[in-house]
1. Let me confirm something: among LYS122, LYS79, which residue is touching a Phe, Trp or Tyr at 6+ places or on another chain (Cβ under 6 Å) and charged (D, E, K, R)?
2. Within segment 189-207, can you find the residues that are closer than 12 Å to PHE115 by Cβ and among the aromatic types (Phe, Trp, Tyr)?
3. Are any of the residues in segment 153-164 crowded, with 19+ Cβ neighbours inside 10 Å and among the basic types (Lys, Arg)?
4. Quick one: in segment 51-89, which of the residues that are part of a helix (DSSP H, G or I) and among the polar types (S, T, N, Q) is surrounded by the most Cβ atoms within 10 Å (Cβ to Cβ)?
5. State all residues of segment 236-280 that are modelled with pLDDT of 95 or more and in a strand (DSSP E or B); if no residue qualifies, say none.
6. Against the condition under 28 Å from PRO35 (Cβ atoms), surrounded by fewer than 20 Cβ atoms within 10 Å (Cβ to Cβ) and more than 18 Å from the chain's Cα centre (by Cα), how does GLY48 come out, does it pass?
7. Looking at VAL223, VAL233, which one is touching a Phe, Trp or Tyr at 6+ places or on another chain (Cβ under 7 Å), surrounded by fewer than 24 Cβ atoms within 10 Å (Cβ to Cβ), at pLDDT 95 or above and not hydroxyl-bearing (Ser, Thr, Tyr)?
8. Could you list, in sequence order, all residues of segment 60-87 that are aliphatic (A, V, I, L, M) and more than 26 Å from LEU145 (Cα to Cα)?
Amino acid sequence: MKKAFLLKILIFCLCSHFFADVANSVKSVCVSESPFCLSKKKDGALLGTGIFLSGADLLLDNVLKINRQTFDENRSFEKKSVNAFDRLFMNDYNFLLDKVGGNIFLCSAMASPIFILGKSQKSEWKTVVLMYTETLLIANGIKELAKLSINRYRPMCYFESGDSYDSYKDDGDFANSFPSGHSTMAFAGAAFSSYVFWKYFPESPLRYAVCAGSFSFAAATAVSRVLSGNHFVSDVAVGALIGSCTGFLVPFLHQSKKAEKKENIQVGVLPNGFLMRLSF
């Protein structure tokens, strides 16, 4: 576990330093035809927020170990203490779905921005990568701090196959059920990819496939986390909400003024009825 923690710290520090340099080099200019615009002030604030939130979790959870739970082997977990809705769908631990299925779906959902890079001009890559980095850092920070604050036991704890999830007991991860981290990150990737691809290529026939494909992988991630005994349905639902909101909001805040003008609601009264049109 110490090696994993040190690796987390190393990756976090390297990525933070690299993207902080990138954000510092950003000039508040927009490519004339680009739907998104980088801003030194805005990106500094968003990247700083993401680094602060994710860094705070590393410090509080891994260094100071604040509110970290210790597994009590003698404790009895009563299923009836779980609300009726979550109890209906709770499952015992499944190693294959946990380590293989869920991670494959998660990686697929988070890799969906590749479609944007593949079709966009190289001049837009910096914009896409920086926005996506901000999205992931903020989403990760929110869900990790929520886990640390709430300490909800995972569904697997309510079954008798305790020896099969020993790795979750060592670092207090057995009490990190709410919200689902996999669902948060998967839906952050899906929402980001769908929104950004749609803005860059509003006429592309692939836009529906990108949206459907990315959200399908995100949904599969959420389902696998419930079936593997890692999360309750409410855990993945809130995780999906956090990820989707973050994945949409970050690129939305980067819209160029030209793109903002195109996004509006037009309301009018026609001789034969009422008309409302939402344009993107």
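The values are calculated or read from the model by the stated rules, or taken from the named source; none is laboratory data. As the structure is a computational prediction, the values presented were derived from the model and not from experiment. Backbone-built Cβ (ideal geometry, glycine too); neighbour counts: all protein chains shown.
1. Numbers: LYS122 fails: touching a Phe, Trp or Tyr at 6+ places or on another chain (Cβ under 6 Å).
Of the residues listed, the single one that is touching a Phe, Trp or Tyr at 6+ places or on another chain (Cβ under 6 Å) and charged (D, E, K, R) is LYS79.
2. Filtering segment 189-207 for residues closer than 12 Å to PHE115 by Cβ gives 189-190, 192-194, 196-198, 200-201, 204, 206-207.
Listed by number, the residues that qualify are PHE192, PHE197, TRP198, TYR200, PHE201.
3. Yes, the conditions are met somewhere in segment 153-164.
4. Our first condition is that a residue be part of a helix (DSSP H, G or I); within segment 51-89, this holds for 51-63, 79-81, 84-89.
Adding the requirement that they be among the polar types (S, T, N, Q) leaves 54, 62, 81.
Numbers: SER54: 23, ASN62: 17, SER81: 10.
If we take residues in segment 51-89 being part of a helix (DSSP H, G or I) and among the polar types (S, T, N, Q), then SER54 is surrounded by the most Cβ atoms within 10 Å (Cβ to Cβ).
5. none
6. Values: under 28 Å from PRO35 (Cβ atoms): yes; surrounded by fewer than 20 Cβ atoms within 10 Å (Cβ to Cβ): yes; more than 18 Å from the chain's Cα centre (by Cα): no.
Spelling it out, it is not the case that GLY48 is under 28 Å from PRO35 (Cβ atoms), surrounded by fewer than 20 Cβ atoms within 10 Å (Cβ to Cβ) and more than 18 Å from the chain's Cα centre (by Cα).
7. Details: VAL223 fails: touching a Phe, Trp or Tyr at 6+ places or on another chain (Cβ under 7 Å).
When all the criteria are applied, what remains is VAL233.
8. Kept after step one, since they are aliphatic (A, V, I, L, M), are these residues of segment 60-87: 60, 63-64, 66, 82, 84.
Listed by number, the list holds a single entry, ALA84.
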